[in-house]
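Below is one structure, written out as structure tokens; comments come after it.
Each value in this text was obtained by applying a stated rule to the coordinates, not by laboratory testing. This one's a predicted model, so the numbers in the text were calculated from it and none came from an experiment. With ideal geometry, Cβ positions are generated from the backbone for all residues, glycine too; neighbour counts draw on all protein chains shown.
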Amino acid sequence: MFTYYLDLALRSLKRNPALTVLMILTIGFGVGASMTTWSVFRAVSGDPIPQKSARLYVPQIDMWGPSGRAPNSTDNDPPNALDYNDAVALMRDHRAKLQSALYMIAPSVIPQRAGQHPINVSGHAVFGEFFPMVEAPFEYGSGWSADDDAQRAAVAVISHKLNGKLFDGANSVGKTVNVEGRDYRVVGVLQDWHPRPLYYDVVNTGGFRTDDEDLFLPFNTAISVDMPNQGNTNCTDTPAESGFVGLQHSSCIWIAYMAQLDDAAAADAYRTYLEGFAHTRYPNWAPNVRLHSLMDWLDHEHVVPSDTKVSLLLALGLLVVCLVNTAGLLLAKFLRRSSEIGVRRALGASRREIYTQFLTEGAMIGVAGGVLGLLLTGLGVASVGLVMPKDIASLAHLDVSLLLTTLVVAVCASLLASLYPTFRAAQVQPAWQLKSN
Amino acid sequence: MTLHPMLAALRRHKAGVVLIALQIALTLAIVCNAIFIIGNRIERVQRPTGLAENDLFQITQLWVGAPTGEDAASIDKLDAMLRSDVETLRNLPDVESAVALNTMPLSNSTWSTGVGLNPKQETSTAQSAYYFSSEQAIKTLGLHLVAGRNFTAEEIRSRALRATTQPAVVIVTKALADKLFPDGNAVGKTVYYDGGTNPSTIVGVVERLQIPSVASWSSNFTWYSTLVPSVLNANFSRYAVRAKPGRLDAAMSAARRALFAANPMRVIDEDRGIRSFAQIRAEAYRSDRGMAILMGVICLILLAVTGAGIVGLTSFWVGQRHKQIGVRRALGARKLDILRYFQTENLMIAGGGAFVGIALAIGLNLWLMSRFEMERIPVLYVLFGVGVVLLLGQLAVFAPARRAANVPPVVATRSV
């Protein structure tokens, strides 16, 4: 019976080729536009570390007090980074299972081979616990130990890419890399690892940027060699002393922090600890601390650009218009066939069969529109680079799930659009139709 | 022409009419907001920075192994390297002038601070972005000094990256001067930067100079720039260079070679180390341009879909009323009357849709305002949108209506 309906639908669609093409185009463009913007939205709003994001937390401490708020701020949100003293004190207390203070660096690396120009790399100064905490995948070697942190060891973890540039991709563990004129022993080489958003430091990177993380040095070592902070520095008061040391003694904020807390109880305990911490350090105002889970933090920092959200919303609006359009066309088309429906009904077809027949026709348009939508989505994803910022556009990609979603959305959309017209078609009174002819 | 028969006919197609009106309403709501976004972005992208942008380029470079300390000896060494770089650049045949400048409008890297009218002012009067440079900056950047004077060579200081001193003299933009001293005459007045106690005297006012950041956090001080007579000494440096007219490309490639020849221990990024101002501008506004294009594409698809929908539906109605049209024609209606009938019918439907659409457009705008950084949509945009959808309806209905008008009266005499 179903093949019969397919045949009927095909005949009907062939009878008005222009109209059929119009409906297919409508569905195709609607689906293509919304799936293209969806692919971008999906890319920037995804969970960068799904197996662990619920266990990673970012603390905020109000080190400036009520007078440190921006002039027009209405919420009582603490600053979004830590000053050096608080970060170091939190590390010393070591209350989470794993934790790391970190700051952005951008030193130059001097290749050992003659003839190579120095290269500028970016990266972070972190604690050894950072690597197991973010589950950084190593190609060779591993991160460094707590001892290395404590002794300010001159060790480094480099990226797959930097390893390729400096050592032609060979196992370089134990070799030295020259950073700003100082030698560091390579202890680990990361695999090709590009978490997006760059969740451990969204304040300084915005989450998306095109340059890679090439170098990780121990936090304490970087501080001891005066390696300047490349990220943002925010101050309410002018530091009393000048220079990098002055920055460390000041209440200026420039350090990111992340902690791993394995269950709700641990998170609660940590929150209580933070309150106590703030209370002892800043007795002049009520403790004002936050402990955001990772996804919560990404949302708090508006990692997904509002342009991406607005485009997705308007593209979905476009899809709705396409639905309404298709519904209108199908309605006119189905009702024009009232006499045919009347004959079928008079010959014994049930309402249910009318439903099946017309929904089949709707689904067929959906499948055709979906195929066109796939092509347009492919075209759209390939050309987002022309209209969206490079760092974001490069994340949007076609994959099986996007292709399937496109088809499913197209078929569901056209079924939805054909529901009301089909309902009207099924209401046709056989007797009345036969009489009027 | 009386509207009564038209309304009676529409009542027989209630669902179809409601669907097409709904479609027009939604189209209007989305198109208005999309065009508003496009308009905003175009306005943003086109605003002048205050620089003479042609023939201007920026160099960003990093010395390898340069001192990172901020003691006098380190600063002296950095300052000597910087002076020698500027000298190298000025000596190039294709270079008109060159100056050390910590950042550039639209280049994103921002030094910002609060400025107030009193020492130790708790809440600053305005936020401002610093440009650290010398007396050559005004000439190299092509700024217009509208009041007061330029810096003198004697006023130029050397400044460490994390120095916390406040400048003795400054040049501010007219916008900042007006904000600080609404009565005018800012020249000669003193202000306080960083909530500090050392007064800074305004010695000059430039007409316009945009701050480096174009991000939303800085949108409330876009025109509040301050020129400080200090050369920033750090392990990196940036130079603003003006090429001789039409010699931009030559000057840019000569600059790279000359700097490396003078001192090879430095990093100048292949892609972003030397950028013309046009490149800086394009990168700064890339996402705005992209958003405008995307909104444009969405508008085009929407209007095309809605237009095609009207054509399709009206064609159906024309086919359905084939016989009635014939009867009207036989009873003496002219072709023009039939044409007018369908045009008026469409105007009524589109008008109804547009009426609802205005409400939807404003609703959507309010909702976007509450969730995102959007401004209130001006009435003009909504009216323009209404005009667009009504025109679209008329254009779309024309072909089927003409086909209807061409139905011969003889149809009335035929049975189906």
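Considering only Cα-Cα distances, which of the following residue pairs are longer than 29 Å: A:14/B:323; A:52/A:161; A:165/A:390; A:14/A:309; B:14/B:335; A:97/A:309? Please report the intermediate quantities before stating the final value.
On the way: A:14/B:323 25 Å; A:52/A:161 26 Å; A:165/A:390 24 Å; A:14/A:309 39 Å; B:14/B:335 26 Å; A:97/A:309 36 Å.
Listed pairs above 29 Å: A:14/A:309; A:97/A:309.
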Item to complete: Of the options A:53, A:24, A:104, report the single residue whose Cα projects farthest towards the positive end of the charge dipole of the range A:1-110 (beta-carbon charges: Lys, Arg +1; Asp, Glu -1).
Response: A:24
Practice prompt. Please express the Cα-Cα pair-distance distribution P(r) of the range B:268-416 as a list of whole percents, one per 5 Å bin, running from 0 to the bin with the greatest distance.
Written response: 2, 8, 12, 14, 12, 10, 9, 8, 7, 6, 4, 3, 2, 1, 1, 1, 0, 0
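State the percent of C-alpha pairs, over all pairs in the range B:195-287, separated by a distance greater than 16 angstrom. Intermediate values should be presented prior to the final figure.
Details: 3062 of 4278 pairs.
Within the range B:195-287, distances greater than 16 Å cover 72 percent of Cα pairs.
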Worksheet item: Which Cα, out of B:240, B:216, B:274, lies furthest along the positive dipole direction of chain B (beta carbon charges, K/R +1, D/E -1)?
Response: B:216
Practice prompt. Would you compute, from DSSP H runs of 4+ residues alone, the mean residue ellipticity of the protein assembly as shown at 222 nm, taking -39500 (n - 2.57) per run and dividing by the full residue count, rounded to the nearest 500?
Written response: -16500 deg cm²/dmol
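Translational D (Stokes-Einstein, µm²/s) of chain B at 37 °C and 0.692 mPa s when Rh comes from the Kirkwood sum over C-alpha pairs?
Numbers: Rh = 26.1 Å.
Using the Kirkwood radius from Cα pairs, D works out to 126 µm²/s.
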Worksheet item: Taking each residue of A:308-320 in turn, how many C-beta atoms of other protein chains fall within 10 Å of its C-beta, and what is the average?
Response: 6
Worksheet entry | Cα centroid separation, the range B:283-343 to the range A:177-202 (Å) | 59
Discussion item. In whole Hz and in residue order, list the ³J(HN,Hα) couplings for the range B:231-248 that follow from phi through the Karplus curve 6.51 cos²θ - 1.76 cosθ + 1.60, θ = phi - 60°; x for Gly and Pro.
Written reply: 9, 6, 10, 9, 6, 10, 8, 10, 10, 9, 10, 9, 7, 5, x, x, 10, 4
Worksheet item: Distance in nm between label sites at residue A:171 and residue A:11, each 7 Å beyond Cα in the beta-carbon direction?
Response: 7.3
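Viscosity 1.567 mPa s, temperature 4 °C: Stokes-Einstein D of the range A:63-287 from its Kirkwood Cα radius, in µm² per second?
69
Set the Förster radius R0 to 41 Å, insert the Cβ-Cβ distance between residue B:256 and residue B:399 as r into 1/(1 + (r/R0)^6), and round the FRET efficiency to 0.05. Intermediate values should be presented prior to the final figure.
Working: r = 60 Å, r/R0 = 1.48.
E(calc), rounded to 0.05, equals 0.10.
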Item to complete: Report, to the nearest 10°, how far helix A:351-387 tilts away from the longest principal axis of the Cα atoms in chain A, using its own Cα long axis and a range of 0 to 90°.
Response: 40
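Lysine pairs, Cα distance under 18 Å, 8 or more residues apart or cross-chain: how many in the range B:65-264?
Values: B:120/B:189; B:139/B:174; B:139/B:244; B:174/B:189; B:179/B:189.
Pairs that pass both the separation and distance tests number 5.
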Item to complete: With a 4.7 Å Cβ cut-off, tell me which Cys residues in the protein assembly as shown come up empty for a partner.
Response: A:322, A:412, B:32, B:299
Discussion item. Under a Cβ-only charge scheme (Lys and Arg +1, Asp and Glu -1), can you give me the dipole magnitude of the range A:221-350 about the Cα centre, in debye to the nearest 20?
Written reply: 1440
Practice prompt. Can you give me the P(r) profile for the range A:222-337? Cα pairs, bins 5 angstrom wide beginning at 0, each as a whole percent.
Written response: 2, 8, 9, 11, 11, 12, 10, 7, 5, 5, 4, 4, 4, 3, 2, 1, 0, 0
Worksheet entry | Förster-model FRET efficiency, 56 Å R0, residue B:380 and residue A:416, C-beta, rounded to 0.05 | 0.95
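With the Cα gyration tensor of the range B:334-416 giving a ≥ b ≥ c as the square roots of its eigenvalues, does the rule (a/c under 1.5 for rounded; else a/b larger than b/c for prolate; else oblate) give rounded, prolate or oblate?
Judged from the Cα gyration tensor, the range B:334-416 comes out prolate (a/c at least 1.5, a/b above b/c).
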Discussion item. With an 8 Å Cα cut-off and a minimum separation of 6 or more residues, compute the relative contact order for chain B in percent.
Written reply: 27
Discussion item. Report the Cα-based extents of chain A along its three principal axes, largest first, to the nearest Å.
Written reply: 97, 58, 36
Fill in: the protein assembly as shown, Rg to Rh (Cα coordinates; Rh as Kirkwood inverse mean 1/r)
1.07
Discussion item. Below 8 Å, C-alpha to C-alpha, sequence gap of six or more: please give me the relative contact order for the range B:35-143 in percent.
Written reply: 26
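Size of the dipole of the protein assembly as shown about the Cα centre, Lys and Arg at +1 and Asp and Glu at -1 on the beta carbon, nothing else charged, in debye to 20?
5880
Tell me, in nm to one decimal, what length is gained between residue B:411 and residue B:122 on full extension, where the rule is 0.36 nm per residue of separation less the Cα-Cα distance?
Values: separation 289, 0.36 × 289 = 104.04 nm, distance 8.65 nm.
Gain on stretching residue B:411 to residue B:122: 95.4 nm.
Under unit Cβ charges (Lys, Arg +1; Asp, Glu -1), what dipole magnitude, rounded to 20 debye, does the range B:22-149 have relative to its Cα centre? Before the final figure, lay out each step's value.
On the way: 9 positive and 13 negative charges, 104 e Å.
About 500 debye.
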Discussion item. Just want the answer: with Cβ charges of +1 for Lys and Arg and -1 for Asp and Glu, which residue in A:167, A:409, B:400 is farthest toward the dipole's positive end in the protein assembly as shown?
Written reply: B:400
Worksheet item: Under a 5 Å amide H to amide H cut-off, with H placed in plane at 1.01 Å, what residues pair with residue B:96 once short-range neighbours are removed?
Response: B:242, B:243, B:244
Practice prompt. Take every Cα pair under 8 Å in the range A:63-287 that's 6+ residues apart, average their separations, divide by the length, and report that relative contact order as a whole percent.
Written response: 29
Worksheet item: What is the Cα radius of gyration of the range A:323-423 over 2.2 N^0.38 Å, N being its residue count?
Response: 1.45
Discussion item. Using a 7 Å offset from the Cα along the Cα-to-Cβ direction at both residue B:198 and residue B:215, what is the distance between the two label points in nm, to one decimal?
Written reply: 2.8
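Assuming 1.002 mPa s and 20 °C, estimate D for the range B:1-154 with Stokes-Einstein, Rh taken as the Kirkwood radius over Cα pairs, in µm²/s.
Numbers: Rh = 22.1 Å.
The Stokes-Einstein estimate is 97 µm²/s.
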Discussion item. No solvent, one uniform scatterer per C-alpha: report log10 I(q)/I(0) for the range B:102-240 via the Debye equation at q = 0.16 1/Å, two decimals.
Written reply: -0.77
Worksheet item: Applying 1/(1 + (r/R0)^6) with R0 = 30 Å to the Cβ-Cβ distance of residue B:190 and residue B:44, what FRET efficiency is obtained, to the nearest 0.05?
Response: 0.30
Fill in: Per-residue ³J(HN,Hα) for the range A:127-141, Karplus 6.51 cos²θ - 1.76 cosθ + 1.60, θ = phi - 60°, Hz, x for Gly and Pro
8, x, 5, 4, 5, x, 5, 8, 6, 5, x, 9, 7, 9, x
